[in-house]
Amino acid sequence: NKLFQESKIEDSERWFSKAIWLVEESGKVNAPDSLKAILHSNRAYARLQLEHWSSAEGDCSEALKLNSKNPKALYRRALARKGLNQFQGALEDVKHLLPLLDSQNNAQALKLKEELESKLGIAPLVNGSDNEKAPAKASPSRPVEPVATPAEPLRPELQRPSSAPAEQPPSPSSGSSLARPSASARALAATPSIPSSSPKNSMEMLRQFKSLKKHPAVLTKYITQKVSPALLQSLFNRSPIEADDLALVLQSLRTAASDEAEPLTGDRVGEYLQQLLRTHTADTQFSMLSTSEKEMVRNLASLAPNGDDLKKTFAKVL
């Protein structure tokens, strides 16, 4: 939580990932479901700040499996689903959330509900219950009011500070769209180029990872064009490639392998996986991957010519 206060969001996500691995998969700690739910909910908070909507939603769903009455997990999943444009699912979460809050702490949830209903074209009845709806009358579109900082019950759990980091989705942009370049033009201008040289050490590679994280297509080309399997192993021969960074490499390999124009060959995928297995403390880092990320490893292994052998090797690690 100190990392939250210092705005070190990526570091806090990494810390929660390690804590989750420790209590769920290491076999070293016997933690109650309530603590596991808190850890997943707090990692979801960090991932919301990083705009990792899908993984944040997954964490909230895990937290709710462990504690279906967790108000913070419901609120955060609603924000994640809103970020994914899954407005109906987000609205259902808010409706399940509201009965868990008292009138002094439900203002932000009500605002989120109003915004989601607006996006879905639903006009709530003035005198109706929370679940009642009425068809919205046609009216000129209007800007949606951004969600403000949530009240006390919606901040991360494992602390009781006087203040907590704000938790809010990206606010709508303001100003006339006629005065600005198109969205596609802005996106093109903001897309970084592939670094021109291969990394000289692991820190340089991780810096590139951080700068390209929000541009997965560029990150994929950087890894497959500038970071060979042998180089990747040599960079992390004495220090581990942390589970979060390992997951980025695996996701990039999956993206490259599914490229219709120029797919990464099964031979090359197999080389990357074999070299990753030779990195420092590889067993530990692979074991800390999420369930979906481990499944991705198995799928990648099946692409290699020696896929059966790789699967057997990973069966011991995963």
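Between ASP11 and ARG298, what length comes free when the chain is fully extended (0.36 nm per residue of separation minus the Cα-Cα distance, one decimal in nm)? Walk me through the numbers on the way to the answer.
Details: separation 287, 0.36 × 287 = 103.32 nm, distance 2.75 nm.
Extra length from ASP11 to ARG298 when fully extended: 100.6 nm.
With r as the distance between the Cβ atoms of ARG207 and SER234 and R0 = 25 Å, compute the FRET efficiency 1/(1 + (r/R0)^6) and round to 0.05. Show your work: numbers first, answer last.
On the way: r = 17 Å, r/R0 = 0.70.
Using R0 = 25 Å, I get an efficiency of 0.90.
Could you tell me the calculated FRET efficiency between GLN225 and LEU277, based on Cβ-Cβ distance and R0 = 22 angstrom, to the nearest 0.05? Could the numbers behind the result be given before it?
Details: r = 22 Å, r/R0 = 1.01.
After rounding to 0.05, the efficiency reads 0.50.
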For this session: Calculate one ³J(HN,Hα) per residue across region 95-108 by plugging θ = phi - 60° into the Karplus curve 6.51 cos²θ - 1.76 cosθ + 1.60, and present them in order as whole Hz with x for glycine and proline.
Result: 5, 6, 6, 3, x, 8, 10, 8, 5, 7, 10, 10, 4, 5
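Once the other residues with Cβ under 13 Å from the Cβ of PRO199 are scored (Lys, Arg +1; Asp, Glu -1), what is the net sum? Don't jump to the answer; show the numbers that get you there.
Values: positive: LYS200, ARG207, LYS210, LYS226; negative: GLU204, ASP245.
Within the 13 Å Cβ shell, the charges total +2.
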Exercise. Considering the zone a paramagnetic label at THR284 would reach in this model (a point 7 Å from Cα along the Cα-to-Cβ line), which residues of region 224-260 have amide N under 19 Å from it?
Worked result: 233-248
Problem set entry | Per-pair calculated FRET efficiency, R0 = 25 Å: SER103 and VAL29 via Cβ, rounded to 0.05 | 0.05
Exercise. What lysines sit close enough to LYS214 to cross-link, taking a C-alpha to C-alpha distance under 27 Å and skipping anything fewer than 8 places away on the same chain?
Worked result: LYS2, LYS8, LYS18, LYS72, LYS82, LYS119, LYS200, LYS226, LYS294
Problem set entry | Within the accessible area of region 200-318 (1.4 Å probe), percent carbon and sulfur | 47
Exercise. For region 53-109, which whole percent of the accessible surface, found with a 1.4 angstrom probe, sits on carbon and sulfur atoms?
Worked result: 45
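Give LYS221/LYS311; LYS36/LYS316; LYS69/LYS113 a once-over and call out the pairs whose C-alpha atoms are over 21 Å from each other.
LYS221/LYS311; LYS36/LYS316
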For this session: State in Å² the accessible area per residue of region 1-126; use a 1.4 Å probe, count heavy atoms of protein chains only, and round to the nearest integer.
Result: 47
Problem set entry | Per residue value of the accessible surface for region 201-270 (all protein chains in place, 1.4 Å probe), Å² | 50
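The values are calculated or read from the model by the stated rules, or taken from the named source; none is laboratory data. Small disclaimer: the values here were computed from a predicted structure and weren't measured. Cβ: placed from backbone, ideal geometry, glycine included. Neighbour counts: every protein chain shown. Please note that ligands, DNA and RNA were not included when accessible areas were found on the heavy atoms of the full protein model with its side chains. Shrake-Rupley method; radii C 1.70, N 1.55, O 1.52, S 1.80 Å.
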